[in-house]
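*Asks:* Quick one: the structure is below, questions incoming.
Read-outs: derived from the displayed coordinates by stated rules, not from any lab. Nothing here was measured: the structure is a model prediction, and the numbers come from that model. Cβ: placed from backbone, ideal geometry, glycine included. Neighbour counts: every protein chain shown.
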C-alpha cells in the first residue's frame with residue numbers, strides 16, 4: 001500500500017506506529033493548529049429580564065434610551081403591570097452586528113418589541129409595521145420608534161392597540 005501522507009497511516013492502521021529518526025525531522029517543524037474559541041455573546045442592557053420581555057431600540061447618542069422616552073416607556077409598563085425588572089431594554093446602536101439568533105439565544109424572549117426600523121436585528125424576517133407575529137415561539141411586534149410616536153397621536157394609538165395584544 002502506498003500512502004502519500006504518512007499522517008494518514010493512523011486512520012488506516014489501528015496499531016501504533018513509530019517514526020524513524022529521518023522521518024521525525026519532517027514533523028518537528030510542523031506548526032500546531034491554533035485553537036479558535038468562540039466567545040459567548042454578551043449584551044449590556046437595562047432592566048432585569050425576569051419576564052423574558054425584550055425591547056430593542058436604537059439610540060446613537062445614549063447608552064440605552066433617551067430619558068424622556070424611558071419615562072414614557074415606564075408609564076406604558078405600568079399600564080401593562082410590568083416594571084423595569086420584568087423587561088430588558090437593548091440599544092441596538094451598541095450592537096450593530098447582533099443577529100436575531102444572537103438576541104434570542106442570549107435573552108430567550110417570550111415577547112419581543114422592536115421600536116423603529118434601525119432596531120431590527122440582522123437575520124430577522126421582513127416584519128409588517130404594527131402587526132403582531134410569532135417568530136421562533138416569541139410574540140414579536142415591530143412598531144414605530146419613540147421619535148416617530150412622541151408627536152404623532154395616530155402612531156401612538158396604533159402602537160398601543162397592538163402592544164396590548166403582545
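*Asks:* Run through the DSSP bridge list for segment 46-163 and note the antiparallel percent, rounded to the nearest 5. List each step's numbers first, then the result.
*Replies:* Details: 5 of 20 bridges.
So the antiparallel bridges amount to about 25 percent of the total.
*Asks:* Rounded, prolate or oblate: which fits segment 46-163 when a ≥ b ≥ c are the square roots of the eigenvalues of the alpha-carbon gyration tensor, with rounded for a/c under 1.5 and prolate only if a/b beats b/c? All intermediate terms of the calculation are to be shown ahead of the outcome.
*Replies:* Numbers: a/c = 1.23, a/b = 1.19, b/c = 1.04.
Because its axes are fairly even, with a/c under 1.5, segment 46-163 counts as rounded.
*Asks:* Evaluate the distance, in nm, between pseudo-label points positioned 7 Å from the Cα of residue 20 and of residue 126 along their respective Cα→Cβ axes.
*Replies:* 6.7
*Asks:* Would you please give the FRET efficiency between residue 148 and residue 67, computed as 1/(1 + (r/R0)^6) with r the Cβ-Cβ distance and R0 = 22 Å, to the nearest 0.05? Could you put the intermediate results ahead of the total?
*Replies:* Details: r = 18 Å, r/R0 = 0.81.
Efficiency at R0 = 22 Å is approximately 0.80.
*Asks:* Something else: Sort 55, 163 by Cβ crowding within 10 Å, fewest neighbours at the top.
*Replies:* 163, 55
*Asks:* Please order 104, 128 by the number of other Cβ within 10 Å, starting at the fewest.
*Replies:* Numbers: 104 19, 128 8.
Ascending Cβ contact count within 10 Å gives the list 128, 104.
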